[in-house]
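*Asks:* Below are the structure tokens for one structure; questions will follow.
Only the coordinates and a few stated rules stand behind these numbers; no lab work does. This is a predicted model, so every value here is computed, not measured. Methodologically, a virtual Cβ is constructed for each residue, glycine included, from the backbone with ideal geometry; neighbour enumeration extends over all protein chains shown.
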Amino acid sequence: MIKLTNVSKYYYSKNNVVMALRRINIELKIGEFIAITGESGSGKSTLLNVISGLDTYEEGKMEVFGNDISHYSVEELETYSREYIAFVFQDYNIIDSYSVLDNVLMALIVQGMSKNARLEQAKMLIEKVGLTEQMHQKASKLSGGEQQRTVIARALAKNSPVIVCDEPTGNLDSASANQILTLLHEISKDKLVIV
């Protein structure tokens, strides 16, 4: 599904060039749960940004479903990211004043579904992440683990083949972190999940 061949990424400043990625070769497929590990500053987030189309790279080739996207313009990368990638971030990025249901519905509105279809889909996704009892609670009243489950439900609502998670358990206690990783692993049966 996604294949990187000798991908390198550099960051430039006034007097320095920093190599963030050096000749990365990786092939990622639907149904996989991929964990990218390494020390702080080793390029994990940069790699996720390149895979998700949020950042460009200077060398190598990236293919998505066999199509070479190495020479995509910024607009083409944005389209790729919008169509193929859903995000789960460490800082949640949810609307605190909205309920769990409203946060998930926001992701479904842009898909042109009818109101009834959106509501049914949102409820099904909320149940899938184990938040049925919290469905009408404001996000600001949820625990960190519940907020992250809300973000995962919203990512699933996008219905993208790839879910990219940048340190999704960084702000969670160990029990909540294990629950989130278990949930993401279950989701990877139908999608490519990269953590």
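*Asks:* Could you work out which residue, out of Gly130, Gly145, Gly112, moves most in a Gaussian network model of the chain, that is, has the largest mean-square fluctuation with Cα springs under 10 Å?
*Replies:* Gly112
*Asks:* Another question, if that's okay. Which residues' amide hydrogens lie under 5 Å from the amide hydrogen of Ala20, considering only partners 5 or more residues apart or on another chain, with H built in the peptide plane?
*Replies:* When sequence neighbours closer than 5 places are left aside, the close amide H contacts are Lys9, Tyr10, Tyr11.
*Asks:* Cut-off 10 angstrom, C-alpha nodes, Gaussian network model of the chain. Which of Ser70, Ser40, Ser114 fluctuates the most?
*Replies:* Top of the fluctuation ranking is Ser40.
*Asks:* Report the calculated FRET efficiency for Arg82 and Val17 (r = Cβ-Cβ distance, R0 = 30 Å), to the nearest 0.05.
*Replies:* 0.45
*Asks:* Still on this structure, please answer the following. Give the calculated FRET efficiency between Ile26 and Ile69 to the nearest 0.05, with a Förster radius of 22 Å applied to their Cβ-Cβ distance.
*Replies:* E(calc), rounded to 0.05, equals 0.90.
*Asks:* Place a point 7 Å from Cα of Leu54 in the direction of its Cβ. Which residues in the stretch 81-124 have their backbone N less than 19 Å from it?
*Replies:* 81-96, 107
*Asks:* Have a look at Ala157, Ala86, Ala175 and tell me which one the Gaussian network model of the chain (Cα, springs below 10 Å) gives the largest fluctuation.
*Replies:* Per the Cα network of the chain with a 10 Å cutoff, Ala175 tops the list.
*Asks:* Let me ask another. With runs of 4+ DSSP H residues as the only contributors, calculate the mean residue ellipticity of the chain at 222 nm using -39,500 (n - 2.57) per run, divided by the residue total and rounded to the nearest 500.
*Replies:* Rounded to the nearest 500, the figure is -11500 deg cm²/dmol.
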